[in-house]
Every structure is written in structure tokens, then in C-alpha cells.
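Notes to accompany the following structure.
No lab work stands behind these numbers, since they all come straight from the coordinates. Computed from a predicted model, the values in this text were never measured in an experiment. Here Cβ is always computed from backbone atoms with ideal geometry, including for glycine, and neighbour counts include all displayed protein chains.
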């Protein structure tokens, strides 16, 4: 399994696609702040939009990983006609503006309340991916087009098709963002730094192994000092910190599968169940037993 796929498997994300908008200028779309673990996103399918001074065009995707309140608009918001909602496969919102049209698909990424914080911390407050004229974004652009087609003209199976397509959106978005980003933070920064690929692959594939700094540096064909400096620069964390985070994410998935705490401790490299329990509680705020019994969505 490649590193990005492996990382995303440790941090499950549910994708909701709820609203299809068709607005004629002038228009405004205000979005209140979202609760923790919810990241609103907007796919600009046709036309253009402004978010503050950021210009968005057809094929752009904008995500707010930390749920910040935001406004999209074209023209003077004070002159925008109010939107009207109508039911459908996706709720359809439109207005009476007679200017150039913009089509937007809106939804939310939902991260696991306890474990998703680690992944969200690695994302900026606002994430923008552009697909127009970019060969590296062809798959993402095709996905947007397919979602729009199914939402505009529903047929048999459209609801299931939209749900399945939307579930692939986050992975495609992250892959394209990593390929386009000049600098990626946190865990994603390690994935984006090719010189660290061997080290992060090792930690993802064998989190139970007692990795030393020397072993990770050797796998990356670097000196210990060079590796430590490059890793800290990319991840804003030490290799030991990242290894612990990956171990705890893997432990959470195993607990969700019903594995006993002792077996999980062995699987992620802890010889002492007590030490594992302490590490898990530091990461998630509750012990393994309480975590396994928590209500799940």
C-alpha cells in the first residue's frame, strides 16, 4: 500500500455532498463556522467566485479543514438576491440574479472526533486545489464533472453513484494538493518530501518496530543529523512524535475492530499494556477500554 493510502486508512473520513447551487450574479453564499471535526468544502463546477480576495474559477476546490466561517460571492453582496431552496437528489439552491452564472457543489468532510485531530492539525486553515489546465488533476476534474452530471440529471442509481463518487473525493483531493503544494505541513509534509519516503513507509508498514533515529536515517540514505533536521522541518515534529501518532491511529482502528487492549498494545509495539494505555489516553483523552465502548456514528 502506498504511503498516502496507508495514512488515510488510519484516519477514516466520511464525505457528505448535500447542496447544488446555481447562482446568477450578484450572489452571496455565507457559511457559518462548523463544529470540530467537520470541514466544509465547495467545488466550483462552472463560473467563478470570490472568497475574500481569493479568485476561484471553474475546476477549483476550496476546503476549510478547521471549519472556519466563510463567504463566497460575486458582485456586491448587498445587492445579491436571496437564494431559494428546492428538494432533489441534492438540495438545489438558486437565486434571481441575471448576471453570469456560477454552479457550486457543497458538502462536508467529517473526521473521527477523537482521532481526526491528528490529521486535521496537518492541514492549513484554508486549502485550495486548482484543476483547470493541469494534467496532474485530470482524475479530480473528471470526478467533479461526474458528480455534477448525476446531480443535475438524476437517473436510476444516481443516489448510490453520488455517494460512492463523493467517498473518493477526499483521497483524490489530498493527492492533488500534495502534488501542487509548494509546502505541505505536518504528516502531509513528510509524504510530500521524497527524501523521507522510505522512513515514513517503514513507520506506516511496521509501526510495532522499535525504530531508532539511526535506522530511519539509514533507510533514507542520510546522516542522523541531516535526517533529523529534514524530518523536523517537514513535519514540525520529531520522528518519535510521528511514530507515536501513527501507532495510536493504528491502535484506534484495531480497537474499533473489537481487538482487546493487550493484543493492540503488542500490535503497535508496546511490551507493557500499562504504557500503551497511558500513551493512548494522552492521544485520545480516554483509555482503550472506554474508547472501544464509545458510541460510534
**OP:** Rank these for me by crowding, 163, 175, 259, going from fewest to most other beta carbons within 10 Å.
**Re:** 163, 259, 175
**OP:** Take the alpha-carbon centre of the range 135-167, take the same for the range 169-206, and report the distance between them in whole Å.
**Re:** 25 Å
**OP:** Report the full-extension gain for the segment residue 286 to residue 267: residue separation times 0.36 nm, less the Cα-Cα distance, to one decimal in nm.
**Re:** 4.9 nm
**OP:** Please give the length that would be gained between residue 205 and residue 223 if that part of the chain were fully extended, namely 0.36 nm times their separation in residues minus their C-alpha to C-alpha distance (nm, one decimal).
**Re:** 4.2 nm
Original post:
For helix 239-256, what angle does its Cα long axis make with the longest principal axis of the chain, in degrees from 0 to 90 and rounded to 10?
Top reply: 70 degrees
Original post:
Going 7 Å from the Cα of residue 91 in the Cα-to-Cβ direction, what parts of the range 50-73 have a backbone nitrogen less than 19 Å from that spot?
Top reply: 64, 67-73
**OP:** Express the relative contact order of the chain as a whole percentage, based on alpha carbon pairs under 8 Å and six or more residues apart in sequence.
**Re:** 18 percent
Subject >> Computed E for residue 57/residue 179 - FRET, C-beta separation, R0 22 angstrom, nearest 0.05 >> reply: 0.70
**OP:** Whole Å is fine, so just give me how far the alpha carbon centre of the range 224-239 lies from that of the range 1-79.
**Re:** 32 Å
Subject >> Added length on full extension, which subtracts the Cα-Cα distance from 0.36 nm per residue, residue 30 to residue 294 >> reply: 91.6 nm
Original post:
Which whole-number percent is the relative contact order of the range 1-118 (Cα, under 8 Å, 6+ apart)?
Top reply: 44 percent
**OP:** Going by C-beta contacts inside 10 Å, put 141, 224 in order with the fewest on the left.
**Re:** 224, 141
**OP:** List the residues of the range 1-16 whose backbone N lies under 20 Å from a point placed 7 Å from the Cα of residue 167 along the Cα-to-Cβ direction.
**Re:** 1-2, 4-16
Subject >> For the chain, calculated [θ]222 nm from helices alone, where every DSSP H run of n ≥ 4 adds -39500 (n - 2.57) >> reply: -12500 deg cm²/dmol
**OP:** Can you put 238, 244, 131 in order of Cβ neighbours within 10 angstrom, beginning with the fewest?
**Re:** 238, 244, 131
**OP:** Would you work out the relative contact order for the range 195-263, in percent, from Cα pairs under 8 angstrom that are 6 or more residues apart?
**Re:** 26 percent
